[in-house]
Amino acid sequence: MSQPTAPPSPRRADSELSLAWQALQTARDHPWEREPELALHRDSARVTLVRGGQWHAVPALGSAAGALLDSLLPLVCDAGPRVVAQLGQSLDGRIATHSGHSHYINGVESRVHLHRLRALVDAVLVGAGTADEDDPQLSVRHIAGRQPLRVVLDPRGRVPAARRVFQDPTLATLHLLGEGAAAPDGVGDHVSHRWLARDAEGRVAPQAIIAALQQAGCRRVLIEGGGQTVSQFIAAGCVDRLHLLVAPLLIGSGRPGLSLPVIDTLDQALRPSARRFDCGDDTLFDIALRPIAG
Ligand SMILES: NC(=O)c1ccc[n+]([C@@H]2O[C@H](COP(=O)([O-])OP(=O)(O)OC[C@H]3O[C@@H](n4cnc5c(N)ncnc54)[C@H](OP(=O)(O)O)[C@@H]3O)[C@@H](O)[C@H]2O)c1
């Protein structure tokens, strides 16, 4: 709930942002079932978060801290479980060039936003294509925050052991394989494997993946990419919120972002409620695919 105010001084704006970020991280672990309000104080400022997504502050927060709470509180304002997906894309809906080059479509503010998303969830999942081609670390580095479990969805066991998620021992990695697929040799001790059933086309049901992650203690999950993986989770109805970070860039060809089952008429299109936030030169669309339980 934004509260219009005069812009604060840069020092106060930094302090407000830091308080808002602390509030979000506290909300992530807050026992919302028992305590429907969470209040945080710093100096003379007080921020109160309410189960279901409302917040208020005394004195009122400036626009940057208010937007931070507005954009991220829906992810952590109840006991969950919650699945958020993200894609960074061009104006024409591409997430990488034809050759797979994607660094960087988005600006630094969007990368900070992605790291905030990682810090607010228990697990960050990428598809085999992203794990192989991008070789991401999937860690929180651009801001201070908790590190998630890294999850690689690799039903055919084709992601090479040399990838960083399999070699960097500083964070745990869960390697999700399809039944019958061999785990790669030469991965570190920080990697655990789990085998899931595949259908006739070799796909693992996104519902089964979310269930496996919940069994592993991960209530909040970020589906970080790429386009195929995010699309399958959305098509299966498994995503609560989609954060689309749209950069003012036309790639004109290359890897598509969302690609959902074909529809014939626009009345079959999804029409979720969406909110818009400035994120440097990019625009963040916070898209509610499922309502907050409250
Ligand atoms: N801009 C961004 O935000 C962003 C984010 C991430 C990645 N990227 C870019 O996106 C590109 C990769 O994306 P992508 O769409 O090509 O690939 P992807 O989504 O990373 O991986 C797709 C692969 O993951 C496996 N997979 C995903 N869901 C599955 C399911 N339900 N069941 C079974 N297997 C499943 C399959 O592996 P198999 O092929 O082995 O069957 C599938 O081909 C890279 O170029 C990367 O740079 C961009």
- Query: What FRET efficiency comes out for the pair L91/S18, r = Cβ-Cβ distance, R0 = 30 Å, nearest 0.05?
  - Reply: 0.40
- Compactness of segment 200-269, expressed as Rg and Dmax over alpha-carbon positions, Å: 14.5, 42
- Restricting to the chain, what percent of DSSP beta bridges are antiparallel, rounded to 5? 45
- Using a 1.4 angstrom probe with every protein chain in place, what is the largest-first accessible-area order of L270, L245? L270, L245
- Mean separation of Cα contacts under 8 Å (6+ apart) over length of the chain, as relative contact order %: 21
- Message: Compute for the chain: radius of gyration divided by Kirkwood radius, i.e. Rg/Rh, restricted to C-alpha atoms, rounded to two decimals.
- Response: 0.97
- Message: Over the chain, with the other protein chains present, what is the accessible area per residue in square angstrom, probe 1.4 angstrom?
- Response: 48
- Message: Along its three principal axes, how long is segment 1-125 when you only count alpha carbons? Whole Å, largest extent first please.
- Response: 52, 37, 20
- Query: To the nearest µm²/s, what D does Stokes-Einstein give for segment 175-217 at 25 °C and 0.890 mPa s, using the Kirkwood radius over alpha carbon pairs as Rh?
  - Reply: 215
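Filter the DSSP H helices in the chain by two things, a Kyte-Doolittle mean of at least -1.0 and an axial alpha-carbon span of 15 angstrom or more, and list the hits by number.
10-28, 63-76, 108-120
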- Any chance you could check the Cα centroid distance between segment 55-75 and segment 154-198 for me, in angstrom? 39
- Message: Tell me the carbon and sulfur percent of the accessible area for the chain, rounded to whole percent, probe radius 1.4 Å.
- Response: 52
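The values are calculated or read from the model by the stated rules, or taken from the named source; none is laboratory data. Computed from a prediction, not measured in an experiment: that's the story for all the values here. Every residue, glycine among them, receives a Cβ derived from its backbone with ideal geometry; neighbour counts consider all protein chains shown. Side chains are part of the model used for accessible areas, which takes the heavy atoms of the whole protein and leaves out ligands, DNA and RNA. Shrake-Rupley method; radii C 1.70, N 1.55, O 1.52, S 1.80 Å.
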